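Remarks on the structure that follows.
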Amino acid sequence: GRGGGGGAGGPSREEVRAFLKSTLAALRRGSPLSHAVTWEMLRRSAAAHMLLPQCLEMEFAMAAHFVHGHADFLEGVRALLVDKDNAPVWRYGRVGEVPAAAVQRVFEPL
C-alpha cells in the first residue's frame with residue numbers, strides 16, 4: 001500500500017488520521033442533542049431490523065419534530081444561515097448531559 005497504509009490501494013495512515021481528525025472536529029461542532037438522537041435512531045433501526053420504508057417513516061417524523069423546535073435544528077440554522085455567526089448555543093453542552101426524555105420526544109408519533 002501507499003505510505004505504509006492499509007493495503008493495496010487503501011488509504012494511507014496519514015489519510016486515515018486526517019479523516020478521523022476532520023470527523024472529530026465536525027462532531028465537536030455539532031449539537032449534542034442531535035448526536036444522542038442519531039445514536040438512538042441507529043439503535044432503534046438495528047434492533048427492529050427496519051426496512052427502508054420504516055426507516056424513512058421514522059426519519060420523517062424526526063424531521064418534523066426537529067423543525068417544530070424539539071431539537072437544536074433551529075439554532076443550527078440561526079447560527080449558520082441567519083446570523084452567520086457560526087456560534088450555535090446548543091441546549092446541552094455534552095451528549096452525557098442530554099436527558100433521555102429529550103431524545104424520546106423526537107421519536108413520539110406526529
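A few remarks follow.
- Summing charges over neighbours of residue 69, with a neighbour being any other residue whose Cβ is under 11 Å away from its Cβ, gives 0 when K and R count +1 and D and E count -1.
- Diffusion coefficient (Stokes-Einstein, Kirkwood radius over C-alpha pairs, 37 °C, 0.692 mPa s) for the range 1-91: 207 µm²/s, rounded to a whole number.
- Order by protection proxy (mean Cβ within 10 Å, highest first), peptides 21-30, 89-98: 89-98, 21-30
- Against the chain, whose longest principal axis comes from its Cα atoms, helix 32-47 is set at around 80 degrees.
- Axis angle, to the nearest 10 degrees, between helix 52-65 and the longest C-alpha principal axis of the chain: 60 degrees.
- Dipole of the chain, positive direction: furthest Cα of 61, 8, 95, with charges on the beta-carbon: 8
- For the range 23-105, size of Cβ-based charge dipole, Lys and Arg +1, Asp and Glu -1, in debye: 180
- With Cα atoms, 0 to 90° folded angle of helix 13-29 axis to the chain main axis: 20
- Note on the range 61-110: semi-axes of the ellipsoid equivalent to its C-alpha gyration tensor, largest first and rounded to whole Å, are 21, 15, 5.
- Local net charge near residue 23, Cβ-Cβ under 14 Å (Lys/Arg +1, Asp/Glu -1): +3
Every number in this text was worked out from the coordinates using simple rules, so none of it is lab data. Predicted, not measured: the structure shown is a model, and the values here were computed from it. Note: ideal-geometry Cβ built from the backbone for every residue, glycine included; neighbour counts use all protein chains shown.
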